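Everything on this sheet refers to the single structure shown next.
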Amino acid sequence: MHSWTDTLRFAFQPVVNLTTGGVAALEILARPEAGDVLAQARRDPELDGRVAAWAVRAASRKETLLPLHVNVFAGTLADLGRLADLREAVRQAGRMTWEITLDIGPPYTHVPRHVLLEAVAGLRAEGFRICADGVGDGDVPLRLLADLDPELVKLDASLLSRPAAVRAMRTFCEHSGALLSVEGVETETQCAAAVAAGAQLAQGQLFAPPARLPAADVYVPPVSPAVTAVPRSGPSVRQFVRPAALLPATTSAGRVRALLTGSPDVSGVLLVDASGVPVRSVHRSRFLLSMSGRYGHALYADRPAAKLGDPPRTVGVDATAWEVLDVVAGGDRDRTSDDVAVVDRLGRCVGVVRLADLVRALAESRVEEAAGLNPLTRLPGSDAITEEVDRRIAARRPFALSWLDVDHFKRVNDGAGFAAGDELIRAVGRVLQHAASEATRVGHIGGDDFLVLADPGGLDQVAASVLDAPWSAGGMAVTLSLATVLCAPGAVTDHRQAAACLAPLKQAAKALPGASWILGRAGLPGHEVRRGPGPMAAQAGCGAAEVG
């Protein structure tokens with residue numbers, strides 16, 4: 001009688017980083033050649049645990065250094081708890097627990113919630129990473145999803161046709177510190193939608209089909225710059241995370257040398273403690289140079305590799321690319337090419353970022369940003385502001401969107417000349433930039449029209465800077481009008497609704513003589529006159545019926 005292991009084979013599918021185009025990990029997929037082992041495993045937790053352990057052993061025979069994703073049913077965790085067979089397979093394979101992500105899949109129905117959460121907490125304490133798999137195509141309750149607090153959420157590609165649902169999951173991931181992945185991507189359209197939705201990772205037939213051998217190369221279609229929304233503060237470091245080559249802090253120099261000489265793509269090794277926290281960083285070139293000296297191998301081969309390493313450079317998973325550059329710039333010049341370790345909230349390494357990836361992405365974002373700058377003021381146009389509005393809406397951050405212009409600007413051009421008018425516009429732009437705080441975005445949308453996006457608490461400073469100044473052009477006195485809409489979380493769904501709320505406030509501000517400031521609140525009728533002939537109530541604000 002044949003054992004079930006005789007008919008079970010495994011395939012590897014790359015999990016792709018959508019920014020770098022590199023392979024971030026490998027998901028191990030069970031492929032039974034006869035019978036229905038997976039259906040049995042769904043009903044038999046012990047069998048499912050053995051399949052997971054066998055998957056790790058199969059990966060060890062392929063000698064891949066990439067992190068691994070191993071599938072396990074939620075019911076298995078609730079029944080078996082710590083997955084003893086899997087833990088033993090990881091140990092025998094010479095892997096570390098933090099290199100293994102457990103893709104916990106449905107069904108969740110009838111799985112005791114508290115028992116599942118206890119099992120997940122125990123596995124996480126041992127170093128395993130947790131992924132909520134099959135979200136959008138399974139039965140995972142939202143409350144349970146939040147309580148699982150996964151490091152990764154995998155959405156089914158079918159959700160890409162429902163952008164609102166994907167945006168909601170993106171917001172969940174941003175607040176919980178999880179990465180967002182889309183699985184089952186088969187077309188370039190789906191890939192573009194995943195990027196636009198903010199997913200950092202993806203997998204599917206488009207990139208590479210499941211194969212018996214781990215894929216070294218994957219296809220990632222180029223994405224239009226208009227699709228990618230890069231915050232002005234810099235893209236998140238999550239977009240650039242590569243798998244890290246990790247070894248225990250006590251590893252000998254000889255073992256590190258064997259890893260580096262056998263893996264030419266590995267630029268360095270991080271030595272980590274028992275919890276996965278980086279303690280030393282070994283740079284490929286400097287290490288091999290030390291080992292290749294006249295007595296290098298004899299001196300160092302059996303000694304701890306840590307003696308040839310440096311203190312690790314680390315950033316948190318919430319850092320931006322610019323913060324990584326600050327870390328690099330603040331260190332020794334001879335370590336400029338060192339990888340920077342990305343650590344989670346417990347200090348454990350989740351991967352590394354390379355300087356070349358950051359420089360390339362930031363250069364591209366600056367080129368795109370420069371192309372959208374107004375040639376007169378060198379301020380970004382409306383696209384940059386509206387993209388940031390949508391990001392704040394998705395993050396449920398309150399914000400104030402303001403429109404500013406020069407009263408009767410045509411008279412200024414006709415009476416003082418266009419050169420004086422241009423200088424006035426440049427001066428207004430300079431004052432706005434000077435008054436803006438770190439959280440304020442200023443845009444010049446053409447002519448004498450400006451947009452200002454700020455936190456509600458930063459409004460007064462910006463308003464005073466432009467409304468209290470004595471403006472003139474060619475000897476002609478000039479006044480400005482300002483209209484602001486305050487948007488609480490949930491008050492508007494996108495930048496179009498925010499603009500629709502701002503439009504009547506703009507008209508009300510222009511109707512007042514002299515310097516004026518009108519303030520309204522999205523979803524509420526009426527508006528407040530902050531500057532003008534005198535306080536009064538009006539009905540031209542953005543009521544609920546006017547939004548949409």
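The values are calculated or read from the model by the stated rules, or taken from the named source; none is laboratory data. Treat the numbers as computed from the prediction; the structure is a model and nothing was measured. Here the Cβ is made from the backbone with ideal geometry for all residues, glycine too, and neighbour counts use every protein chain on show.
The residue of segment 232-249 that is modelled with the lowest pLDDT, among those that are part of a loop (DSSP other than H, G, I, E, B) and under 18 Å from residue 313 (Cβ atoms), is 234. Taking segment 192-207 as the range and being among the hydrophobic types (A, V, I, L, M, F, W, C) and at pLDDT 90 or above as the test, the residues that pass are 201, 202, 206, 207. Within segment 101-112, residues that are buried (at least 18 other Cβ atoms within 10 Å of the Cβ) sit with their Cβ atoms under 7 Å from residues that are in a loop (DSSP other than H, G, I, E, B) and not small (Gly, Ala, Ser), at 6+ positions apart or across chains, in these pairs: 101/67; 102/128; 106/139; 106/140; 108/139; 108/140; 108/141. All conditions but one from (1) outside any helix (DSSP H, G or I); (2) crowded, with 18+ Cβ neighbours inside 10 Å; (3) aliphatic (A, V, I, L, M) apply to residue 260; the one that does not is (1).
Among (1) over 21 Å from residue 351 (Cβ atoms); (2) surrounded by 22 or more Cβ atoms within 10 Å (Cβ to Cβ), where does residue 167 come up short? The one condition residue 167 does not meet is (2). Among helices (runs of 4 or more DSSP H) entirely within segment 376-464, having at least 1 residues that are farther than 25 Å from residue 477 by Cβ singles out 382-394. Candidates are the residues of segment 96-144 that are assigned to a helix (DSSP H, G or I) and acidic (Asp, Glu); the one that is nearest to the chain's Cα centre (by Cα) is 99. Against the conditions (1) modelled with pLDDT of 90 or more; (2) surrounded by fewer than 21 Cβ atoms within 10 Å (Cβ to Cβ); (3) farther than 23 Å from residue 392 by Cβ; (4) among the aliphatic types (A, V, I, L, M), residue 132 satisfies every one except (2). Here residue 490 clears all of (1) free of Cβ contacts under 8 Å to residues at least 60 places away in the same chain; (2) under 24 Å from residue 164 (Cα atoms); (3) small (Gly, Ala, Ser) except the condition numbered (1). The single residue among 525, 533 that is assigned by TED's automatic domain parsing to the domain that holds residue 405, surrounded by fewer than 21 Cβ atoms within 10 Å (Cβ to Cβ) and over 38 Å from the mean Cα position of the chain (by Cα) turns out to be 533.
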